[in-house]
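Below: one structure, written as structure tokens.
The values are calculated or read from the model by the stated rules, or taken from the named source; none is laboratory data. From a predicted model like this one, the values you see are computed outputs, not experimental measurements. All Cβ positions, glycine included, derive from the backbone under ideal geometry; neighbour counts span all protein chains shown.
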Amino acid sequence: MPGGLLSDRYGAKSVVVAGLLISSISHILSPVSAWSSSYLMIAIQFFRGIGQGLLPPAHFVIASNWYPSNERGFLNSFAICGLAVGAVVSGFSTGAIITTPGLGGWPSVYYIYGGLGLVLCLFIQLFLHENPRVHPNISEGEREYILQHIGKDLTKKRPPIPWKSIFTSGPVYAMMFATFGQLWASTQLLSVHPIFLSTILHFPIRANGFLTSFPFIFQAIVTFTASFVSKWLNARNYVSVDKVRKGCNLVGCLGYSLGILGVYFAGCDRILSNVFIVIAMSLIGFPFAGCMIVSCDMAPNFAGTLLGISCTFGSIASFLFPILVGIMTKNQTLEEWNQIFFISIALLIASGIIFCMFGSAEVQPWNSPPTDETDKKSPQESKEKNQIGEIMKSIEISNNL
């Protein structure tokens with residue numbers, strides 16, 4: 001959550017650089033800390049978590065500053081494809097790095113990835129700009145187009161964060177629970193499924209890395225396809241942004257659940273089990289065009305704060321799921337793993353339904369809280385301004401759709 005607060009208040013570029021720098025240095029120090037002390041290792045991982053936790057909210061603040069509202073869903077989903085691409089590259093390369101003679105085994109993975117993070121940190125510092133107003137190289141026409149279509153005024157002082165309105169908003173809680181489900185599914189593949197591949201299906205390290213990263217290829221394709229179809233539907237007024245976000249999220253949750261159900265029926269069949277896990281993890285790419293980007297739709301002025309809140313809540317899944325697996329699979333039997341699968345199915349279906357019922361992609365009233373100047377106006381002036389605002393909002397939504 002601090003990543004969203006800092007990004008909304010002080011700007012997202014510095015937060016991105018700081019988060020990536022902390023995460024990269026923590027990667028490089030991980031092998032040394034593991035050799036030295038378990039407590040030091042825990043501390044290093046704590047700081048790595050802080051660094052990585054700063055990045056998603058900061059990304060969405062930059063997105064809300066740069067992406068026109070009528071292209072925001074497509075561009076956000078396209079950017080998020082980078083998560084899947086990164087997982088594919090790291091999954092394929094990690095096993096190869098560990099097993100290649102002369103590279104030093106597992107510590108070299110941390111050194112290489114940490115070093116690449118430092119290079120990326122320098123690249124971002126040099127070429128990323130906070131918003132179109134401060135970019136030195138874009139044309140005036142492009143600058144004006146973006147500023148007119150991002151849905152917020154970058155020239156005005158940033159409004160105070162409406163905490164009470166946020167934490168009494170039903171759509172915010174629906175987004176939080178949907179994000180929890182999404183991160184639960186992601187943890188299934190990144191942290192939990194490799195254990196299943198090793199202990200139940202008995203795949204070696206190199207094959208395990210390949211099979212863990214392989215589904216992300218299809219997830220990237222599905223995410224891009226979902227974002228493209230969403231933009232096409234909106235552009236032709238076939239369906240509203242709200243229904244697109246809910247539909248994408250529900251398709252992903254149901255698709256994931258059906259895929260995991262297939263893993264249950266596949267049992268110890270290696271081929272069939274991996275086919276179904278690919279289906280599950282591919283279709284979970286749909287929510288990247290749903291609940292994962294809805295904060296930019298709900299409140300462009302507070303996109304980072306909202307995503308920080310939802311990711312903070314959702315991150316509970318990232319450490320709760322592996323703990324649950326450790327408790328429930330002490331004997332590493334297929335029957336124990338089947339219980340894990342059913343818990344995941346129930347959780348994802350529930351998150352998809354709740355987001356459909358209570359979520360929203362409409363701009364929330366508290367996105368533009370009243371300022372001191374508007375508070376001083378007479379009730380009649382405020383009423384007239386609100387009526388004009390509603391008319392302009394309707395026109396803007398119609399144009400965006």
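Some notes on this structure:
- Residues in the stretch 295-327 that are β-branched (Val, Ile, Thr) and in contact with a Pro (Cβ under 8 Å, 6 or more places away or on another chain): THR305 only.
- The single residue among TYR173, TYR145, TYR111 that is under 18 Å from TYR67 (Cβ atoms), touching a residue at least 12 places away in the same chain (Cβ under 8 Å) and of a type outside the set (A, V, I, L, M, F, W, C) turns out to be TYR145.
- From SER273, SER240, residue being in contact (Cβ under 8 Å) with a residue 12 or more places away in the chain and surrounded by fewer than 20 Cβ atoms within 10 Å (Cβ to Cβ): SER240
- Inspection of the stretch 128-137 identifies at least one residue that is closer than 21 Å to LEU6 by Cβ and more than 24 Å from the chain's Cα centre (by Cα).
Residues are listed down the side, and each one gets a yes or a no for (1) polar (S, T, N, Q); (2) at pLDDT 85 or above:
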site	(1), (2)
THR212	yes, no
ALA220	no, no
VAL229	no, no
ALA235	no, no
CYS268	no, yes
SER273	yes, yes
ILE293	no, no
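For (1) more than 13 Å from HIS27 (Cβ to Cβ); (2) touching a helix residue (DSSP H, G or I) at 6+ places or on another chain (Cβ under 6 Å); (3) exposed (fewer than 14 other Cβ atoms within 10 Å of the Cβ); (4) of a type in the set (Gly, Ala, Ser), each residue gets a yes or a no:
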position	(1), (2), (3), (4)
ALA84	yes, yes, no, yes
PHE92	yes, yes, no, no
ILE98	yes, no, no, no
GLY102	yes, no, yes, yes
GLY114	no, yes, no, yes
CYS121	no, yes, no, no
HIS129	yes, no, no, no
HIS135	yes, no, no, no
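- Residue within the stretch 199-209 that is surrounded by 22 or more Cβ atoms within 10 Å (Cβ to Cβ) and either free of Cβ contacts under 8 Å to residues at least 24 places away in the same chain or in a helix (DSSP H, G or I) (or both) present: yes
- The lone criterion from (1) under 20 Å from VAL16 (Cβ atoms); (2) among the hydrophobic types (A, V, I, L, M, F, W, C); (3) not in a loop (DSSP other than H, G, I, E, B) left unmet by LEU320 is number (1).
- Residue check, SER7 surrounded by 18 or more Cβ atoms within 10 Å (Cβ to Cβ) and either out of contact with any strand residue (DSSP E or B) (no Cβ under 7 Å at 6 or more places or on another chain) or modelled with pLDDT of 90 or more (or both): yes
- Selected residue (only one of ILE293, ILE284 is touching a residue at least 60 places away in the same chain (Cβ under 8 Å), buried (at least 22 other Cβ atoms within 10 Å of the Cβ), within 26 Å of ALA58 (Cβ to Cβ) and in contact with a Phe, Trp or Tyr (Cβ under 7 Å, 6 or more places away or on another chain)): ILE284
- Considering the stretch 27-63, and only residues there that are over 20 Å from the mean Cα position of the chain (by Cα) and β-branched (Val, Ile, Thr), the residue that is farthest from GLY11 (Cα to Cα) turns out to be VAL32.
- A search for C-beta distances below 8 Å between a residue of the stretch 70-92 that is farther than 14 Å from GLY209 by Cα and β-branched (Val, Ile, Thr) and any residue that is at pLDDT 75 or above and outside any helix (DSSP H, G or I), counting only pairs 6+ apart in sequence or on different chains, returns ILE80/MET292; ILE80/ILE293.
- On inspection, THR333 fails the criterion of being of a type in the set (Ser, Thr, Tyr) and surrounded by 13 or more Cβ atoms within 10 Å (Cβ to Cβ).
- For TYR256, the conditions (1) touching a helix residue (DSSP H, G or I) at 6+ places or on another chain (Cβ under 6 Å); (2) among the aromatic types (Phe, Trp, Tyr); (3) under 30 Å from LYS164 (Cβ atoms) all hold with the exception of (3).
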